[in-house]
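S.K.: Submitted below is the structure of interest, expressed as C-alpha cells.
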Amino acid sequence: AQDRDGPSKRGHARMQDSTEEAIITVSSGDADLLRPSVLASRPKERQRDVRNQVARHGGKGKGHHRYSAAPMTVPNCWQSDEAYSGTAWLEIGAPVGKALAQLQVTLSLTPHCRVDSFTPEHVQLFIAEEGEAFGEIPIFESVQFWSLTFPGEPIILPARELLPPRTSRAKLCVKRAACGGRNVRLQCIKVLTKRLKRRREDEGRLADRLWSNKEFADIVVRCNDGGELKAHRAVLGIASPVFRCMLNSPMKEGAFGEITLPCSENVVRSLLKHCYGLPYDANLSLEDELVLVEQAHAFELNSLCEDAAFSAIERLNEATVVQLVKGLRTFYKAGSLKEEWENLVRQVRASPDLCQAALLDS
C-alpha cells in the first residue's frame, strides 16, 4: 500500500484543488461523474440505487449480497461503456495558467467496503506538456492498482513526488484483468495543480529589446570555441549571484568586463538568454544541453538547470540513456535535480530495453 502520509510535502503549500476547473474527457461514459462534487451532491440517491441493485441482482439477506458480472449503473460513479474489449482512458487537462501537480484516484467500493469486479487492475499514466503529444513510455504503471492504498482512501499519482513541471495534460489508461471484461469503474478523481508562471508580454518585449540591442552592452563573454557575445553587466549581476561576485571583483571580470567560459558559443548564448528572461535555443545537441545543465548549476541559475535537464531527458532512448545517466547523476548526488533524476530513473525502470542498454554500455 502507498505511504499513508502521501507524497512528500515539497511544494504542496502551492497546490490548489482544480477538479471543477479541469478539463476531463473519457473514452466512454459520463466524465462529470468523476468530479467529487457530483458524488457529494446526491449521496442518498446513490445509496438507494445501490440497495435496489443488490435486491435485483440476488441479495439474500444481510451480509449475503451476490453481485452479477453484468454492469450495474451507479449514478455517481463513472463507468466506461466500451463497445469492444480494450483499454478505457481518462484525459485530464489543466486549467489555463496552471500545471498539473498530482492526481488522486478513488476506487468504487461495494457496500462492504471492498473493491468490486469492475475495479481496474492494470493502470498506466502518461503525461504531456502544452502542445505536445503524450510520451510512449508511461511515468507510472501498476498491474495491481487496487492494492496501492487502503479501501476508501484515494490512490495518489505520483506516489511520493509531484508531476514534472509544466505538465498540462495527463492520460490514465485503465483496464481490468484479462478475463475481467471490458468496462471499468472509478468513484472519482481529484485534480491538484500549481500555478504556471508565465512572463507578461511587456516583460518579454523589453527582454527581447535588451538582448537584440547591444548598443549599451558593457561586458564581453568569451567562449572556448573562439566565439564572443556582448551582454549587460546589470542584467547578469541581477540574474546570477555568481556573475554578481565576478563583476564586483578586482579581477579581469570586474576590472575589464571580460568573462571566459569553458563551453561553446551555443551554450553561452543559451545561458545568457536565460539571464535576459528569454527561452534558450531548442536546437542544442544533447551534449551541449548537458553542458548547459552544468553551467547553469555553476552560476546558480536553478530554473535553467531544471529546464535543461528536463529537456535532455525528453531525448531518452537506448542510444542516449548512458549519456543522460552519467550527465545527471553528479547533480543528483549533490542534492540537485532530484525530481528530474527520479523522472529519468522511472522511465528507465519501466523499459527493459533501456535497462539493458544502460547496463551493457555503462
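S.K.: Go through the residues of the stretch 94-101 one by one and say whether even a single one is over 13 Å from the mean Cα position of the chain (by Cα) and of a type in the set (Lys, Arg).
M.R.: No, the stretch 94-101 contains no residue that is over 13 Å from the mean Cα position of the chain (by Cα) and of a type in the set (Lys, Arg).
S.K.: Checking residue 303 against (1) assigned to a helix (DSSP H, G or I); (2) farther than 25 Å from residue 326 by Cα; (3) open to solvent by 40 Å² or more (accessible area, probe 1.4 Å), only one condition comes out false. Which one?
M.R.: (2)
S.K.: Right, something else. Report every pair of residues separated by at least 6 positions or lying on different chains whose Cβ atoms are under 7 Å apart, first residue within the stretch 281-306 and touching a residue at least 60 places away in the same chain (Cβ under 8 Å), second surrounded by fewer than 16 Cβ atoms within 10 Å (Cβ to Cβ).
M.R.: Every condition considered, the pairs that remain are 300/241; 300/242.
S.K.: For the stretch 184-296, list the helices (runs of 4 or more DSSP H) that sit wholly inside it and hold at least 1 residues that are modelled with pLDDT of 90 or more and of a type in the set (A, V, I, L, M); which are they?
M.R.: Once the helices (runs of 4 or more DSSP H) in the stretch 184-296 are filtered for at least 1 residues that are modelled with pLDDT of 90 or more and of a type in the set (A, V, I, L, M), what remains is 233-239, 241-248, 265-275.
S.K.: I'm checking my understanding of the structure. Among residues of the stretch 171-183 that are part of a loop (DSSP other than H, G, I, E, B) and open to solvent by 20 Å² or more (accessible area, probe 1.4 Å), which one is modelled with the lowest pLDDT?
M.R.: This residue is 178.
S.K.: Taking the condition of being of a type in the set (Asp, Glu) and under 23 Å from residue 296 (Cβ atoms), how many residues in the stretch 315-362 meet it?
M.R.: Residues flagged as of a type in the set (Asp, Glu) and under 23 Å from residue 296 (Cβ atoms) within the stretch 315-362 amount to 3.
S.K.: Within the set of pairs 6 or more residues apart or between chains, which connect a residue that is over 16 Å from residue 294 (Cβ atoms) inside the stretch 251-263 to a residue that is polar (S, T, N, Q) and in a helix (DSSP H, G or I) with Cβ atoms less than 6 Å apart?
M.R.: 254/248
Yes/no matrix, rows are residues, columns are (1) small (Gly, Ala, Ser); (2) out of contact with any helix residue (DSSP H, G or I) (no Cβ under 7 Å at 6 or more places or on another chain); (3) closer than 22 Å to residue 210 by Cα:
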position: 274; (1), (2), (3): no, no, yes
position: 284; (1), (2), (3): no, no, no
position: 289; (1), (2), (3): no, no, no
position: 299; (1), (2), (3): no, no, yes
position: 322; (1), (2), (3): no, no, no
position: 332; (1), (2), (3): no, no, no
position: 342; (1), (2), (3): no, yes, no
position: 351; (1), (2), (3): yes, yes, no
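S.K.: Then there is this: Considering only the stretch 111-132, I want to know if a residue exists there that is among the basic types (Lys, Arg) and in contact (Cβ under 8 Å) with a residue 40 or more places away in the chain.
M.R.: No, there is no match, as no residue in the stretch 111-132 is among the basic types (Lys, Arg) and in contact (Cβ under 8 Å) with a residue 40 or more places away in the chain.
S.K.: To continue, here is another question. Just one of 136, 141 is open to solvent by 50 Å² or more (accessible area, probe 1.4 Å) and either in a loop (DSSP other than H, G, I, E, B) or within 20 Å of residue 24 (Cβ to Cβ) (or both); which is it?
M.R.: Answer to the check: 136.
The values are calculated or read from the model by the stated rules, or taken from the named source; none is laboratory data. Everything numeric in this text was worked out from a predicted model, so none of it was measured. FYI the Cβ positions are ideal-geometry reconstructions off the backbone, even for glycines, and counts take in every protein chain you see. Heads up: the accessible areas ignore ligands, DNA and RNA and are worked out on the full protein's heavy atoms, side chains in. Shrake-Rupley method; radii C 1.70, N 1.55, O 1.52, S 1.80 Å.
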